[in-house]
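Peer 1: Encoded as C-alpha cells, here's the structure I'll be asking about.
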Amino acid sequence: MRQAFMGCALALAVLAGAPAHAVQPDEIMADPAKEARARDLSRELRCMVCQNQSIDDSEAPLARDLRLLVRERIAAGDSDAQVIDFLVARYGEFVLLKPRVNQHTLLLWLVPPLALLGGGFALWRYSRRRPKPAGESDEAPAKLTAEEEARLAALMSGEVPPEKSA
C-alpha cells in the first residue's frame, strides 16, 4: 500500500513540475532580464504551424526561427512593443495569440458575448412562450366555501362529517 502511495506521489510530483518549453539551450540569451522578456513575448506569439500553441511551447522549425528573431530584436535594443509591431507587420495579426482590439478585430471580440446574450434571450423567450403543464396556471387556487372548510376541519379532527343528502 505504501509503495502505491509513493508511486502516485512521485507521478504527481513529476506531472506538477514546470511545463516543458521548446526553447533550446543554444537559444537562451546570456542576460537573464532579456531572456525573461524574450520568454514573455514568446508566450504571446502564435506558432504559424501549430496555430494553437505559442512559439515558446512549439517545437516546429518555424517557431524556433521566430524565437530567434524575437531574441535578435531584443538584443538589437527593441522594446517589447517594437518587437510585437515588427512581427505583426511581417506576419499579420494572426501571429498574436490574443489579437488586439481594433477595427479589423472588433467583430472577433464582439461576436462571442453577443451570441451568448442572444442565446440567453432566445431561451428566455422560449420559456415564456412554452405552454404550461396541465394543472399549472397563473391563477391563484380557488378558496374553499364555508361548508367545505367545515368538512375539512371535521376530517382533520378525526370526526366523520354527515353526508349531505342530495
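The values are calculated or read from the model by the stated rules, or taken from the named source; none is laboratory data. If you're wondering where the values come from, they're calculated on a predicted model, not measured in any experiment. As a convention, Cβ positions derive from the backbone with ideal geometry for all residues, glycine included, and neighbour counts pool all protein chains shown. Accessible surface is based on the protein model in full, side chains and every heavy atom, while ligands, DNA and RNA are left aside. Shrake-Rupley method; radii C 1.70, N 1.55, O 1.52, S 1.80 Å.
Peer 1: Let me confirm something: among ALA81, ALA38, ALA13, ALA63, which residue is open to solvent by 50 Å² or more (accessible area, probe 1.4 Å), modelled with pLDDT of 85 or more and not in a loop (DSSP other than H, G, I, E, B)? Let's see the steps before the verdict.
Peer 2: On the way: ALA38 fails: open to solvent by 50 Å² or more (accessible area, probe 1.4 Å); ALA13 fails: modelled with pLDDT of 85 or more; ALA63 fails: open to solvent by 50 Å² or more (accessible area, probe 1.4 Å).
One residue alone meets the criteria, ALA81.
Peer 1: Of all residues in the stretch 92-111, which are assigned to a helix (DSSP H, G or I), under 22 Å from GLN53 (Cα atoms) and open to solvent by 80 Å² or more (accessible area, probe 1.4 Å)?
Peer 2: Scanning the stretch 92-111 gives PHE94, LEU108, TRP109.
Peer 1: For ALA22, indicate whether it is small (Gly, Ala, Ser), surrounded by 16 or more Cβ atoms within 10 Å (Cβ to Cβ), assigned to a helix (DSSP H, G or I) and at pLDDT 65 or above.
Peer 2: It is false that ALA22 is small (Gly, Ala, Ser), surrounded by 16 or more Cβ atoms within 10 Å (Cβ to Cβ), assigned to a helix (DSSP H, G or I) and at pLDDT 65 or above.
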